[in-house]
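To keep things clear, I will list the structure first and then write my remarks on it.
The values are calculated or read from the model by the stated rules, or taken from the named source; none is laboratory data. Note that the coordinates shown come from a computational prediction; the quantities given were computed from them, not determined experimentally. All Cβ positions, glycine included, derive from the backbone under ideal geometry; neighbour counts span all protein chains shown.
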Amino acid sequence: MIMRLFLPLALFFALAVLLWSGLGKDPSILPSALLDKPIPQFSSTKLRQPGEPIDSQALLGEPYLLNVFASWCRSCLIEHPVLDAYVKRGQLKLVGLNYRDEREAALSWLQFHGDPYAEIIWDPDGRLGIDFGITGAPESFVVDAQGIVRYKIVGPVSPEIMEKEILPRLREGAG
Amino acid sequence: MRKLLIACLIPFMVLFSTALWAIDPLPFADGEQEERFRVLVAELRCVQCQNQNLADSDALIAKDLRKEIFEQMQAGRSDDEIVDFLVERYGEFVLYRPAFSGKNLLLWLGPLLIVVFGGIGVAVHLRRRAANSQPAAAAPIAEDIDW
């Protein structure tokens, strides 16, 4: 008798907890397959210095935020001032990955909106983007001094994400 | 006359079928390769517009991935190798048919578990009800009721 009363109630609560935990989750945000793994080995060229090579080895030694951007990307304009401000305050090393862009368009975009990037990797056809598991722009990766991906942000970086998720991991990743 | 009309319509139906539109014109080596490609892109999920497969999606990234798959096929990679390549980069999410292992087991066996436990529950319930109702049914209408 007690069982008969209790069981539906228990089932109800189990279901409620399950559904409740699903609320507020964004199913469109995928966990990165790269998390806690080294960034993919690549060798590409720099956006601002045409023909000059840059590879995954060159980025080791200091934690940084790898930011995927493009001149055609509208949401990139939302996060750009945020990234710029943190770089200007010296709190952030920012590496760019210019994704599926024309060089001329990218350079004038940077001239117009400001250029906070320490290095910019050029990926005109999106081939490098596939190795990084990028689905679009903007996306950002927190990479530690050993080149391990610690966190991934899909969509624009807000000051809140910067303070809560990115900066603590960059500090942690310095050792 | 009607046959002629239908015959005229067929090219338009083919032309406007969306599945055909989304596939970029790719120079396949032969029909067999084209078929492999069609099957593969239908089974892989677009990583951006997530409720579409790679074949149907118009997203930039889907286009890039189709091109990548095509090029890997030209390079002689097998379907499994290509799928592994994508899973390594985008996670198991890209598979419309997730692997039968690890944390996916619940996904695969969940429905079966529900049917089994549900069935047991129903069986127990029915048996109990039958057991309860038997004495009641057997009990004759009291004879000493004063009609």
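Some observations on this one:
- Of note, A:Ser43 satisfies the criterion of being in contact (Cβ under 8 Å) with a residue 12 or more places away in the chain, among the hydroxyl-bearing types (Ser, Thr, Tyr) and more than 16 Å from A:Ile134 (Cβ to Cβ).
- Any hit, segment B:40-48, residues being away from chain A (no Cβ under 13 Å), modelled with pLDDT of 90 or more and part of a loop (DSSP other than H, G, I, E, B): no
- Pairing each residue of segment B:73-93 that is over 27 Å from B:Gly31 (Cβ atoms) with any residue that is of a type in the set (Lys, Arg), provided the two are 6+ apart or on different chains, yields C-beta distances under 8 Å for B:Phe93/B:Arg45.
- Remark: pairs (first residue in segment A:57-79, in contact (Cβ under 8 Å) with a residue 24 or more places away in the chain; second residue loosely packed, with under 15 Cβ neighbours inside 10 Å and of a type in the set (Phe, Trp, Tyr); Cβ separation under 7 Å; 6+ apart in sequence or on different chains) are absent.
- Qualifying residue in segment A:7-16 (condition: more than 30 Å from B:Asn51 (Cβ to Cβ) and under 19 Å from the mean Cα position of the chain (by Cα)): no
- When segment A:97-116 is filtered for residues that are surrounded by 14 or more Cβ atoms within 10 Å (Cβ to Cβ) and assigned to a helix (DSSP H, G or I), the ones remaining, listed by number, are A:Arg103, A:Ala106, A:Leu107, A:Trp109, A:Leu110, A:His113.
- One residue stands out among those in segment A:125-153 that are in a loop (DSSP other than H, G, I, E, B) and in contact with a Gly (Cβ under 7 Å, 6 or more places away or on another chain): the one that is farthest from the other protein chains (Cβ to nearest Cβ), which is A:Ala145.
- Neighbours by Cβ (under 7 Å, 6+ apart or cross-chain): first from segment B:51-63, polar (S, T, N, Q); second buried (at least 21 other Cβ atoms within 10 Å of the Cβ) and in a helix (DSSP H, G or I): B:Asn53/B:Val41
- Filtering segment B:60-108 to residues that are under 11 Å from B:Leu40 (Cβ atoms) and at the interface with chain A (Cβ under 9 Å from one of its Cβ atoms) leaves B:Leu65, B:Leu86.
- Of the strands (runs of 3 or more DSSP E) entirely within segment A:1-78, those holding at least 1 residues that are within 14 Å of chain B (Cβ to nearest Cβ) and either of a type in the set (Val, Ile, Thr) or touching a strand residue (DSSP E or B) at 6+ places or on another chain (Cβ under 8 Å) (or both) occupy A:64-69.
- Of the listed requirements (1) surrounded by 14 or more Cβ atoms within 10 Å (Cβ to Cβ); (2) within 19 Å of A:Gly155 (Cα to Cα); (3) under 17 Å from the mean Cα position of the chain (by Cα), A:Arg74 misses just one: (1).
Condition check ((1) within 29 Å of the chain's Cα centre (by Cα); (2) at pLDDT 90 or above) across all residues:
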residue: A:Met1; (1), (2): no, no
residue: A:Asp26; (1), (2): yes, no
residue: A:Ser32; (1), (2): yes, no
residue: A:Ser44; (1), (2): yes, yes
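- Residue within segment B:74-89 that is within 18 Å of A:Phe132 (Cα to Cα), at pLDDT below 90 and not small (Gly, Ala, Ser) present: no
- Tallying residues that are within 14 Å of chain B (Cβ to nearest Cβ) and without any contact (Cβ under 8 Å) to a residue 60 or more places away in the chain within segment A:98-124 yields 4.
- Residue list for segment A:151-168, restricted to those being touching a residue at least 60 places away in the same chain (Cβ under 8 Å) and surrounded by fewer than 20 Cβ atoms within 10 Å (Cβ to Cβ): A:Val154, A:Gly155, A:Ser158, A:Pro159, A:Leu167
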